[in-house]
Protein chains: 2
Amino acid sequence: MIIIKAGGSAITKKSEDFTPNMEVISNIAKEIKNAGRVVILVHGAGSFGHPIAKKYSLGKGYVDEFQLKGFSETRSSISELDTIILKALMQNGLTPVKIGTFSNFITSNGRIVEFHKEPLLRAIELGLLPVFTGDLVFDKSRVFSILSGDQIVSYLSKLLKPSRVIFGTDVDGIYTGDPKKEKVKLIKEVSEENIDEIFKFAKSTGDASGGMEGKFSEIFSIFDLGIEIDVINLTEKDNLSNALQGKVKGTVIKKKNI
Amino acid sequence: MIIIKAGGSAITKKSEDFTPNMEVISNIAKEIKNAGRVVILVHGAGSFGHPIAKKYSLGKGYVDEFQLKGFSETRSSISELDTIILKALMQNGLTPVKIGTFSNFITSNGRIVEFHKEPLLRAIELGLLPVFTGDLVFDKSRVFSILSGDQIVSYLSKLLKPSRVIFGTDVDGIYTGDPKKEKVKLIKEVSEENIDEIFKFAKSTGDASGGMEGKFSEIFSIFDLGIEIDVINLTEKDNLSNALQGKVKGTVIKKKNI
């Protein structure tokens, strides 16, 4: 089993609110179908979630009643993105099923503390393709919190021990800095020897779900389980197909002795 | 607290597949908003669910792999209806939140045996308007099963002890027969004295989620709890408003000594 994280920055247009990147979504669906592997797909909310989360300060947890409107709007908007993704998967002959993040997870201080796992386990057993999304969830200390797709991936990695985890983003892998801002170098391999160095480059990007620092800490906990993590660019056709077949164009993060 | 069941026959057009009845949905939203009461809304899937359920024989539970396509399609189609309803509620100033039926309920032989209730209880506490739908769920004996909105209503009635339950349909209440087929009389009041007689008229209508017989058995179990059930016509404007204020135009089902 392989867990695929399709980043919000790849599947939605960050510069246009509530706009899916249909080309990328359709390629993901085709490439998963062609690979014929058992996968779980976790996607980010991208521009279907972040603008509302920001407007209503939902990242801080409950502040006042005014946020309830934002709560409803965010969940409904993310459902629309889900529907778009599910349809693309079905159009390509896959049988996806959405496992509700809001309905199945409870966090405390932003970290998952409860997961109603039966629907997921039964969906896998039945041969359906489980699809998760980053979403708002109830939180035992903050009333609610934003649960990132990245945290879901690291939680599911512990639970299901996938053979690999593929993080799909809108850049070619992990760099020695921010490739959108400075001249940097792609790092092809990360192991115990250089993983601490990599963390130095993880700077907050202001993303509602925690930015690069949050992402790296989830990646680190998967790395710690001895599972290979591949970071690839989902906006380039065939990258996912190739990665699913073990030919990674991007960054491979893996303990050497595994 | 009042639980409202909006029947699939009222909120969708049964004669046109995958077509919402926008006028009815919009009226429901307005009338809930104006009433200012704490409510839970449970809706049926109507023509967004039944045609696919029928095509793939989903009502029987798992038969073969061919049904997986129907499973994905049904759940995705029902999500679309949900989004339409959530948007109508939001447009009228309400703050709804979908509580996932598929994600939260597990049945056995078609009856609810598990409910992950925390998201619902926290949604109520926070002042959100919980919305449920009839949907496919996993089933311990049949692999999956269709969970009707009616059964959800009777389950939630036991759990939450609402002051009243309103069943909204596309007819004026409970009749002495099928008002669409024969000349019948509306029954205005049902109590211990005549409830058995009413059951005689509950004939199967071939509906994917159990038809009138199923509906009556859920109503009976709510009646048994001593909770008043009002059956009204949701396709007529102001009926819901009036019922929410206690002025029921339809059938009132209630134990006399309560």
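Summary of computed values
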{"quantity": "For residue A:114, net neighbour charge (Lys/Arg +1, Asp/Glu -1) across residues whose Cβ lies under 13 Å away", "calculated": "+2"}
{"quantity": "Top of A:187, A:232, A:40 by mean-square fluctuation, Gaussian network on chain A, Cα under 10 Å", "calculated": "A:187"}
{"quantity": "Selected from B:13, B:185, B:60 as most flexible by GNM, with chain B as the system and alpha-carbon contacts under 10 Å", "calculated": "B:185"}
{"quantity": "Residues of type aspartates and glutamates that residue A:14 reaches as a straight line, Cα spacing below 13 Å, ignoring anything fewer than 8 places off in the same chain", "calculated": "A:170, A:207"}
{"quantity": "Using a Förster distance of 30 Å, the FRET efficiency for residue B:65-residue B:118 (Cβ separation, nearest 0.05)", "calculated": "0.35"}
{"quantity": "16 Å reach of a label modelled at residue B:84, 7 Å along Cα-to-Cβ, counting backbone N of region B:230-244", "calculated": "B:235"}
{"quantity": "Among the listed pairs B:188/B:256; B:30/B:181; A:87/B:117; B:55/B:185; B:183/B:255; A:117/B:13, those beyond 24 Å (Cα-Cα)", "calculated": "B:30/B:181; A:87/B:117; B:55/B:185; B:183/B:255; A:117/B:13"}
{"quantity": "Taking N as its residue count, the alpha carbon Rg of region B:2-253 over 2.2 N^0.38 Å", "calculated": "0.95"}
{"quantity": "Calculated label separations, residue B:225, copies of the chain, 7 Å along the beta-carbon direction, nm", "calculated": "3.9"}
{"quantity": "P(r) histogram, all alpha-carbon pairs of region A:121-250 included - 10 Å bins from 0, percent", "calculated": "11, 38, 37, 12, 1"}
{"quantity": "222 nm mean residue ellipticity, helices alone, for the protein assembly as shown (DSSP H n ≥ 4; -39,500 (n - 2.57); rounded to 500)", "calculated": "-11500 deg cm²/dmol"}
{"quantity": "Rounded to 5, percent antiparallel among DSSP beta bridges of region B:2-253", "calculated": "40"}
{"quantity": "Under Karplus coefficients 6.51, -1.76 and 1.60, residue-wise ³J(HN,Hα) of region A:11-21 in Hz, glycine/proline x", "calculated": "8, 10, 8, 5, 7, 10, 4, 6, 10, x, 8"}
{"quantity": "Cross-link partners of residue A:247 among aspartates and glutamates (Cα-Cα below 16 Å; sequence separation of 8 or more within a chain)", "calculated": "A:31, A:172, A:189, A:228, A:230, A:236, A:238"}
{"quantity": "For residue A:180, inter-copy label distances in nm, listed shortest first [label point 7 Å out on the Cα-Cβ vector]", "calculated": "5.3"}
{"quantity": "3J(HN,Hα) from dihedral phi, region A:49-59, Karplus parametrisation 6.51/-1.76/1.60, rounded to Hz, x for glycine, proline", "calculated": "x, 4, x, 6, 4, 6, 4, 9, 6, 6, x"}
{"quantity": "Inter-label distance for residue B:19 and residue A:186, nm, one decimal - labels placed 7 Å from Cα along Cα-to-Cβ", "calculated": "5.2"}
{"quantity": "Distance between region A:10-45 and region B:1-40 - C-alpha centres, whole angstrom", "calculated": "33"}
{"quantity": "Cβ-vector label at 7 Å, residue B:247, separations to other copies in nm", "calculated": "7.4"}
{"quantity": "Amide H within-cut-off set for residue A:174, under 5 Å, with H built and near neighbours excluded", "calculated": "A:187, A:251"}
{"quantity": "Alpha-carbon centroids, region B:116-145 and region A:58-80: separation in whole Å", "calculated": "19"}
{"quantity": "Under the span-like rule (Cα at least 24 Å along the axis, Kyte-Doolittle mean at least -0.5), DSSP H helices of chain B", "calculated": "B:67-91"}
{"quantity": "Prolate/oblate/rounded label for the protein assembly as shown (Cα gyration tensor, a/c 1.5)", "calculated": "prolate"}
{"quantity": "Peptide A:99-110 - average C-beta neighbours from other chains (10 Å radius)", "calculated": "4"}
{"quantity": "Among A:35, A:53, A:88, residue whose mean-square fluctuation peaks in a GNM of chain A (springs only between Cα atoms under 10 Å)", "calculated": "A:35"}
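Rule-based calculations on the coordinates, nothing more; no lab input. Not measured: the values here are computed from a predicted model. A quick note on method: Cβ atoms are made from the backbone with ideal geometry, for glycine too, and the neighbour counts reach across all protein chains shown.
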